[in-house]
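Scroll down for the structure; my scribbles are underneath it.
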Amino acid sequence: MSTLVPSACPYDCPDACGLLAEVEGGRLVAVRGNAAHPYSRGSLCPKMVHYERTVNHPDRLTHPMVRTGVKGEGKFRRASWDEAIALIAGRWKAIAAEHGAEAILPYSYAGTMGLVQRNAGHAFFHRLGASQLDRTICSPAKSAGIEAILGATPGPDPSVASSADLVVLWGVNAVATNLHFLAYVKEARKKGARVWLVDTHQTATAAVADRVFVVKPGSDGALALGLVHLLASQGLADERFLAAEALGWPELEAAALADHPPARTEALTGLDEPAQLELARALAEARAPVIRIGSGLSRYGNGAMNVRSIAALAAVSGVLAKNGFFWDASTGPAFPLGAFTRPDLMARPARTVNMNRLGHALTELAGPRVMSLCVYASNPAAVAPDQNAVLRGLAREDLFTVVHERFLTDTARFADVLLPATTSLEHADLYRSYGHYVVQRARPAIPPLGEALPNWELFRRLARACGFDGSPFDLDADGVIDLLLSAPSPWLKGFDLAALDAGRPVTLQPPPGPRWRTPSGKVELLNPRHREPLPRLLPTHAGEGALPLRLQTGPALYSLNSTFMDRDDLAAKRGPLRVRLSPAEATVRGIADGARVVAFNELGEVALLAEVTAAVPDGLAVIEGVHWSRDTLGGRNVNALTSQRLTDEAGGSTFYDNRIDVRRAG
Ligand SMILES: Nc1nc2c(c(=O)[nH]1)N[C@H]1C(S)=C(S)[C@@H](COP(=O)(O)OP(=O)(O)OC[C@H]3O[C@@H](n4cnc5c(=O)[nH]c(N)nc54)[C@H](O)[C@@H]3O)O[C@H]1N2
Ligand SMILES: Nc1nc2c(c(=O)[nH]1)N[C@H]1C(S)=C(S)[C@@H](COP(=O)(O)OP(=O)(O)OC[C@H]3O[C@@H](n4cnc5c(=O)[nH]c(N)nc54)[C@H](O)[C@@H]3O)O[C@H]1N2
Ligand code: SF4
Ligand SMILES: [Mo]
């Protein structure tokens, strides 16, 4: 007899699907989608359909370990939890005494999206006085770009796409990263909607699009402002909306007319005037247009401005007025985390380290030097930019590294103390999504594997060993969830807590308020508080440069960042690490399809296979996926080629804003 336990997909994916765990005698035998989930509606993606293979994986870490080999070798001896915790607490006390607690750096991101486990270390590190981590690896520039013009306005419900007559997927590889949103888009397409894609190459999503507009990397801001120019010059702007609900249309109009004529837009983006006009017209004339923007186009030196310019285009074209501009679901403010993360526990302000500059932090940062790194729910040896700098840092003999993980990842190999983590089905959590408004509460479906512990239990034990007591350390995970749900939040008025408690998906309603939640109450095309009052053209980092190819390092279909790299069944579908080049770029380099090649720039080299394809334009090289070193030909993945430079605002990563060249191997 098996039972079905309701849960949620824990991964860093906008879809945050409803999951049912099929459990037999305390063991997970299968998972399936929860048909009662109003957004994901019963299906899972190819990565998650066999989650039991992750949970029951023979390579799961099952007990604490202490390093015996050289750094990075991955040789350990078994230890007890008591020994491991005492060792860590002892080393941290000694480091704090000698160098100050800021010499200890936490490093975590989104291995799990559950609010409890994801934020489990914050209160502890605040109390310890450790360095703070600026968690900006994903898309803070996207949020900054939106905020500059729309303030805290919540995004629409993503299901609006199902009744659209035009959907523009703008820089989103939805087949890989937003599959359930695509289901709504496909419904619309069945009813006659056109589906257009704006991307730098023909991604997997091109197969479901009626048209693909191929643009130069980082040129979306130029395209958006060029379209604003055309809307203005053709009399297609939504003047009534702009007069009533926007600030600064005359100023933006004048700037776009002066600075963004079609010829310039063509030079900057690669799209000719007829294509520009077609896009502008379609957006202005559609009955129910939807623009869905991804995050990739924000990972550039001009990323925030690109997003802000597209948001301005949405306003000028009438897409915003028709409720069709979708960037993300803004559920962050629904659950104020302060009572759990306790920034007030910091005795004094501690320095902040940008997570995109980990390589710098471990190898160059002084005052004080980082002497200990504590990694949980992240795999920086693979996912952080400038992999060679990160690996040099991790290899430091004088760096005391603690890693809490489910698998022996590239980062875990460098641990001095390696601790086993539970999977989402072994612990409790509360899940909100950045792609829709449905919330779920999950209770453990199965007992922990071996001696694995959830993040929160790890930090409770560390707190005890360091003599930290009181709230929140005295609460178990369910206690923390209750704390979060009792926070004074206007989002939780009328929220069905009983249904949530019973494991059912519950939809959040954004609190009532003005339509545009900006200081002026209007869409701020002109934002007088911003150092750049109007959207305008900004350069990328890699627009110019000696090397001939722009590098795209997008998400892969059968992995999620470096998660799922443990799964051999998915590796088989993924195929080897490869770089995609156009036929012309391959020919000039004497590279044949399938050949062994080396991609390189000033930061490093990556050995991989070439895939020659017309899906990629000249001047571009595409390397998808964030591979573990064991799946590479030379021990390095694409991040050996990505820089630690930051975005124009908010300290974001610029993974997509780099130049490389490719040569034949040997
Ligand atoms: N299968 C799978 N799913 C994932 C992930 C994964 O790695 N694999 N990652 C997860 C994570 S962490 C996140 S943040 C989310 C979203 O993950 P993101 O990485 O934000 O992915 P997308 O939003 O699809 O944006 C990537 C798309 O942007 C395109 N792009 C890059 N530069 C430009 C540009 O200058 N202009 C335009 N128009 N397009 C550009 C890329 O070619 C790609 O198609 O997805 C999550 N889901
Ligand atoms: N080149 C390139 N690099 C990228 C990107 C890209 O597009 N191109 N995308 C970037 C983006 S958008 C992001 S968000 C980052 C993501 O960076 P990360 O959040 O570090 O993502 P993952 O690689 O998924 O690593 C998460 C790790 O957490 C572990 N884990 C899962 N659940 C738990 C848990 O409950 N507890 C603990 N302790 N561990 C757990 C998993 O086993 C996994 O090894 O990567 C970035 N890196
Ligand atoms: S990874 Fe995304 S699409 Fe796949 S099951 Fe999880 S939430 Fe759904
Ligand atoms: Mo991300």
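Things to note:
A quick yes/no check of all residues on (1) assigned by TED's automatic domain parsing to the domain that holds THR411; (2) not aliphatic (A, V, I, L, M):
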residue	(1), (2)
SER295	no, yes
ASN302	no, yes
SER309	no, yes
ALA312	no, no
SER372	yes, yes
VAL383	yes, no
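- Pairs meeting the criteria (first residue in segment 500-512 and over 18 Å from THR3 (Cα atoms), second residue assigned to a strand (DSSP E or B) and modelled with pLDDT under 95, beta carbons under 7 Å, at least 6 apart or on different chains) are lacking.
- Leading residue by the ranking (nearest to ligand 4 (Cβ to nearest atom)) among those in segment 561-591 that are of a type in the set (Gly, Ala, Ser) and in a helix (DSSP H, G or I): ALA571
- Listing of strands (runs of 3 or more DSSP E) fully contained in segment 592-638 that carry 1 or more residues being assigned by TED's automatic domain parsing to the domain that holds ARG580 and basic (Lys, Arg): 596-600
- Once segment 543-560 is narrowed to residues that are farther than 19 Å from ARG580 by Cβ and in contact (Cβ under 8 Å) with a residue 40 or more places away in the chain, the residue that is farthest from ligand 4 (Cβ to nearest atom) is ALA546.
Each row is one residue, and each column tells you yes or no for (1) within 16 Å of ligand 1 (Cβ to nearest atom); (2) over 25 Å from LEU508 (Cβ atoms); (3) buried (at least 22 other Cβ atoms within 10 Å of the Cβ); (4) at pLDDT 95 or above.
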residue	(1), (2), (3), (4)
ALA8	yes, no, yes, yes
TYR11	yes, no, no, yes
ALA16	yes, no, yes, yes
ALA21	no, no, yes, yes
VAL29	no, yes, no, yes
ALA35	no, no, no, yes
PRO38	no, no, no, yes
LYS47	yes, yes, yes, yes
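- Of all residues making up segment 154-179, the number that are surrounded by 24 or more Cβ atoms within 10 Å (Cβ to Cβ) and away from ligand 4 (no atom under 16 Å from the Cβ): 7
- On inspection, PRO385 passes the criterion of being more than 30 Å from ALA445 (Cα to Cα), within 9 Å of ligand 2 (Cβ to nearest atom) and not aromatic (Phe, Trp, Tyr).
- 3 or more residues of a type in the set (A, V, I, L, M, F, W, C) and buried (at least 21 other Cβ atoms within 10 Å of the Cβ): qualifying helices (runs of 4 or more DSSP H) within segment 436-553: 455-465, 477-485
- Every listed requirement among (1) out of contact with any Phe, Trp or Tyr (no Cβ under 9 Å at 6 or more places or on another chain); (2) β-branched (Val, Ile, Thr); (3) within 14 Å of ligand 1 (Cβ to nearest atom) is met by THR200 save one, (1).
- ALA275 without any contact (Cβ under 8 Å) to a residue 12 or more places away in the chain, more than 30 Å from ASN356 (Cβ to Cβ), surrounded by fewer than 20 Cβ atoms within 10 Å (Cβ to Cβ) and away from ligand 2 (no atom under 16 Å from the Cβ): no
- Counted as qualifying within segment 1-114 are the strands (runs of 3 or more DSSP E) with 1 or more residues that are out of contact with any helix residue (DSSP H, G or I) (no Cβ under 9 Å at 6 or more places or on another chain), among the charged types (D, E, K, R) and outside the structural domain of LEU394 (by TED's automatic domain parsing), namely 18-24, 27-33.
- Yes/no for ALA286 being at pLDDT 95 or above, of a type outside the set (Val, Ile, Thr) and away from ligand 1 (no atom under 16 Å from the Cβ): yes
- Selection from segment 480-503 of residues that are touching a Ser or Thr at 6+ places or on another chain (Cβ under 9 Å) and either of a type in the set (Gly, Ala, Ser) or under 19 Å from PHE124 (Cβ atoms) (or both): LEU483, GLY503
- Filtered by the rule that a residue be touching a Lys or Arg at 6+ places or on another chain (Cβ under 9 Å), closer than 28 Å to ALA16 by Cα and of a type in the set (A, V, I, L, M), segment 314-363 gives ALA321, ALA329, ALA334, MET355.
- Taking segment 478-524 as the range and being on the phi > 0 side of the Ramachandran plot and in the same structural domain as PRO444 (by TED's automatic domain parsing) as the test, the residues that pass are GLY494, GLY503.
- Here GLU22 clears all of (1) without any contact (Cβ under 8 Å) to a residue 60 or more places away in the chain; (2) within 13 Å of ligand 3 (Cβ to nearest atom) except the condition numbered (2).
- For segment 257-289, a residue qualifies if it is in a helix (DSSP H, G or I) and under 24 Å from ARG515 (Cβ atoms), and the qualifying residues are LEU283, ALA284, GLU285.
- Helices (runs of 4 or more DSSP H) contained in segment 146-240 and holding at least 1 residues under 19 Å from the mean Cα position of the chain (by Cα), in the same structural domain as ALA650 (by TED's automatic domain parsing) and among the hydrophobic types (A, V, I, L, M, F, W, C): none
- Selection of segment 477-527 for residues being of a type in the set (A, V, I, L, M) and under 29 Å from LEU453 (Cβ atoms) yields ALA477, VAL480, ILE481, LEU483, LEU484, LEU485, ALA487, LEU497, LEU500, ALA502, VAL506.
- The listed residues are ARG77, ARG60, ARG67, and the only one of them that is away from ligand 1 (no atom under 16 Å from the Cβ) and free of Cβ contacts under 8 Å to residues at least 60 places away in the same chain turns out to be ARG77.
- Scanning segment 98-141 for residues that are more than 16 Å from ligand 4 (Cβ to nearest atom) and acidic (Asp, Glu) gives GLU98, GLU102.
- Filter pass, GLY301 being in a loop (DSSP other than H, G, I, E, B), under 18 Å from LEU169 (Cα atoms) and not basic (Lys, Arg): no
- Unique match (being touching a residue at least 60 places away in the same chain (Cβ under 8 Å) and over 18 Å from the mean Cα position of the chain (by Cα)) among LEU345, LEU358, LEU365: LEU345
- Hits in segment 115-144 - residues which are outside any loop (DSSP other than H, G, I, E, B), more than 16 Å from ligand 3 (Cβ to nearest atom) and touching a strand residue (DSSP E or B) at 6+ places or on another chain (Cβ under 9 Å): VAL116, HIS122, PHE124, PHE125, HIS126, LEU128, GLN132, LEU133, ASP134, PRO140, ALA141, LYS142
- Any chance GLU649 is under 26 Å from the mean Cα position of the chain (by Cα), closer than 22 Å to ASN178 by Cβ and acidic (Asp, Glu): no
- Matching residues, segment 585-639, being within 16 Å of ligand 1 (Cβ to nearest atom) and β-branched (Val, Ile, Thr): THR613, VAL616, VAL622, ILE623, VAL626, VAL638
The values are calculated or read from the model by the stated rules, or taken from the named source; none is laboratory data. Being a predicted model, the structure only gives us computed values, none of them experimental. As a convention, Cβ positions derive from the backbone with ideal geometry for all residues, glycine included, and neighbour counts pool all protein chains shown.
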